Amino acid sequence: MSFPYTPYPITTYPSSPLWQLSPVASNISSGWVPSCTSSNCVPTASWSTGAASSSLTYMFYGWDLALNGTVEGDMKLQVIRNGKEETLNPSGDSLFTVHGLPTDQLLHQNLTITVLEASTGARLTINEARVNASSFGDEM
């Protein structure tokens, strides 16, 4: 696929303002908890939850998205991208992947994952999101 712009891969972590995690808690059974708490570690920490009704929203511009993380145990998750329900497509450490159109980089996109049900001990862990965006460098 040929794009008129220079590709610019971006990796963001759940501590970034591009992410909204709700609720943030001190206990995984109550909400989202980081894998570490030191100030040096939190910016790139993975975040986990085992609580039903927990949600995350990731906002981005780009044409490809790979959300890395894992699901352990029995969980029912709902995935909404740009207002439409999607199917979670886990493979290895990748929870969700979408390959969009070149014009998708111009759209403000949202991905929301909500835990609808979680068995005792189940865990959803989010490590990072990788987005293929554009620097628009070829237009300068």
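Worth pointing out:
- Scanning segment 110-140 for residues that are under 15 Å from the mean Cα position of the chain (by Cα) and at pLDDT below 90 gives a single hit, Asn132.
- Top-ranked residue in segment 75-111 [being of a type in the set (S, T, N, Q) and crowded, with 17+ Cβ neighbours inside 10 Å; ranked as farthest from Ser22 (Cα to Cα)]: Gln105
- The residues of segment 7-59 that are free of Cβ contacts under 8 Å to residues at least 40 places away in the same chain, closer than 21 Å to Asn82 by Cβ and among the small types (Gly, Ala, Ser), listed by number, are Ser16, Ser22.
- Selection status of Gly62, farther than 25 Å from Gly121 by Cα, buried (at least 19 other Cβ atoms within 10 Å of the Cβ) and not aliphatic (A, V, I, L, M): yes
- Considering residues of segment 83-109 that are assigned to a loop (DSSP other than H, G, I, E, B) and touching a residue at least 40 places away in the same chain (Cβ under 8 Å) only, the residue nearest to the chain's Cα centre (by Cα): His108
- Considering the conditions (1) β-branched (Val, Ile, Thr); (2) surrounded by 15 or more Cβ atoms within 10 Å (Cβ to Cβ); (3) over 15 Å from the mean Cα position of the chain (by Cα), Thr37 is excluded by exactly one of them, (2).
- Residue satisfying all of: in segment 48-68; of a type outside the set (S, T, N, Q) and assigned to a loop (DSSP other than H, G, I, E, B); farthest from Asn27 (Cα to Cα) among these: Trp63
- Matching residues in segment 112-122 - criterion: being part of a strand (DSSP E or B) and either surrounded by fewer than 19 Cβ atoms within 10 Å (Cβ to Cβ) or among the polar types (S, T, N, Q) (or both): Thr112, Thr114, Leu116, Glu117
The values are calculated or read from the model by the stated rules, or taken from the named source; none is laboratory data. None of the values given here were measured: they were computed from a predicted structure. Note that each Cβ is placed from the backbone with ideal geometry, even for glycine, and that neighbours are counted across all protein chains shown.
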